[in-house]
Amino acid sequence: MKRTLTTLLLLILASSLAWSAPSAGQIMAKVMEIQTSQTSALDLKLTLIEPNGQMRERRIQTLSQTKDGLTSSLTVFLSPENVRNTRFLSLEMEGGKNEQWIYLPALKRSRRIGSSEEGGSFMGSDFSYADMASTTYDENQAQHLLLDEDAKSWRIQSTPYEQKTYGKTITVVEKTTYLPLRVEFYDLDGDTLVKSLVTEETDIVNGKPITKILTMKTEATGHATRLEMLQTRFDVPLSNGYFTQKFLETGRL
């Protein structure tokens, strides 16, 4: 009886330890889960910040929907006038591939973003086209390694299986919300820090933790881009027509 009781206690202890110490992959899967919704409609202020402190503001709206695990998103520039009605469509395809298209009103036509452009700047910001497409949180996309942790956060290294733009990322994840507090993006050599994404403010919307203000900074130039969520709506009805080339080119359903 004593041996049985001891064995039972050890099993309970092992189960408790396993529950309290999730793997790096489980943590990043939770990060993905927290940030995913069936649909979202975001009104954003995008601020381009020069190294000398000069700022230029842009207003954008982003719509997204996730179906069968695949996410489609549409970004529309509302102001200033020189970029108004520029539209960007990103479609996640089977097998982890993405198709991206941009409509430029000055040219009155759309074009597909080629794979060689994925590392290029998105509309003069510090976000690349690759950044606009997806993350490396999925275990099918990257190998995750827990580097260290403290009472408030985990620090996790993610190495993409298919390295196109970055060799690795290092993400600091808050334990209570599973929100990324900081993400470091490293070059394909795995050693050179290219950009850093820092969460400046978080919020709770309908019980859902969100990043309210974040800043992406390019290390080599000191240029930065700040994104502020002015209005956020989740799981709202959205027409499939928004995520088509017809809407991309005409702005009409």
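The values are calculated or read from the model by the stated rules, or taken from the named source; none is laboratory data. Keep in mind that what you see is a predicted model, and the values were worked out from it rather than measured. Please note: Cβ atoms are built from the backbone with ideal geometry, for glycine as well, and neighbour counts cover all protein chains shown. Just so you know, the surface numbers come from the protein's heavy atoms only, side chains and all, with ligands and any DNA or RNA stripped out. Shrake-Rupley method; radii C 1.70, N 1.55, O 1.52, S 1.80 Å.
Using alpha carbon coordinates only, what is the Rg to Rh ratio of the chain, with Rh defined as the Kirkwood radius? Can you show the working numbers first?
On the way: Rg = 20.4 Å, Rh = 19.8 Å.
Here the Rg-to-Rh quotient is 1.03.
Modelled label positions at GLN143 and GLN231, each set 7 Å beyond Cα in the direction of Cβ, lie 4.6 nm from each other.
Expressed in nm to one decimal, what extension gain is obtained for the pair ALA151 and ASP68 from 0.36 nm per residue of sequence separation less their Cα-Cα distance? Mind showing how you got there, number by number?
Values: separation 83, 0.36 × 83 = 29.88 nm, distance 3.56 nm.
Net length gain for the segment: 26.3 nm.
For VAL205, the residues whose amide H sits under 5 Å from its own are ILE210, ignoring neighbours fewer than 5 places away on the same chain, with H placed 1.01 Å from N. Straight-line cross-link partners of LYS212 among the lysines, defined as a Cα under 16 Å from its Cα and at least 8 positions apart when in the same chain: LYS45. In the context of the full set of protein chains, residues of the stretch 134-221 present 53 Å² of accessible surface per residue (probe radius 1.4 Å, heavy atoms only). In the stretch 185-252, carbon and sulfur make up what percent of the accessible area (probe 1.4 Å)? That fraction is 49 percent. Here the accessible area is traced with a 1.4 Å probe on the protein chains. For the stretch 27-129, carbon and sulfur cover 48 percent of it. Summing +1 for each Lys or Arg and -1 for each Asp or Glu among the other residues whose beta-carbon sits under 13 angstrom from that of LYS195 gives -2. Working from Cα positions, state the angle (0 to 90°, nearest 10) between the long axis of helix 2-20 and the longest principal axis of the chain. The two axes meet at around 20 degrees.
Restricting the stretch 30-90 to trypsin sites (Lys or Arg not before Pro) that sit in a DSSP loop and have at most 16 other Cβ atoms within 10 Å of their own Cβ leaves ARG84. Restrict the search to the stretch 113-168; then list the chymotrypsin sites (Phe, Trp or Tyr not before Pro) that DSSP places in a loop and that have at most 15 other Cβ atoms within 10 Å of their Cβ. Taking the stretch 113-168 and a limit of 15 other Cβ atoms within 10 Å, the loop chymotrypsin sites (Phe, Trp or Tyr not before Pro) found are TYR161. Approximating the spin labels as points 7 Å out from Cα along Cα→Cβ, the LYS246-to-GLN61 distance works out to 1.9 nm. Of the residues THR71, THR202, MET55, the one whose Cα sits farthest toward the positive end of the charge dipole of the stretch 24-250, with +1 on the Cβ of Lys and Arg and -1 on the Cβ of Asp and Glu, is MET55.
Rounded to the nearest 20 Debye, what is the dipole magnitude of the chain about its Cα centre when Lys and Arg each give +1 and Asp and Glu each give -1 at the C-beta? Provide the component values of the computation, followed by the final result.
Values: 29 positive and 31 negative charges, 139 e Å.
Roughly 660 debye, rounded to the nearest 20.
Exceedance of the 27 Å cut-off in Cα-Cα distance is limited, within the set LYS67/LYS217; LYS108/LYS217; LYS175/LYS217; LYS152/LYS217, to LYS67/LYS217; LYS108/LYS217. Per residue, the chain reaches -5000 deg cm²/dmol at 222 nm when only DSSP H runs of four or more residues are counted, each adding -39500 (n - 2.57).
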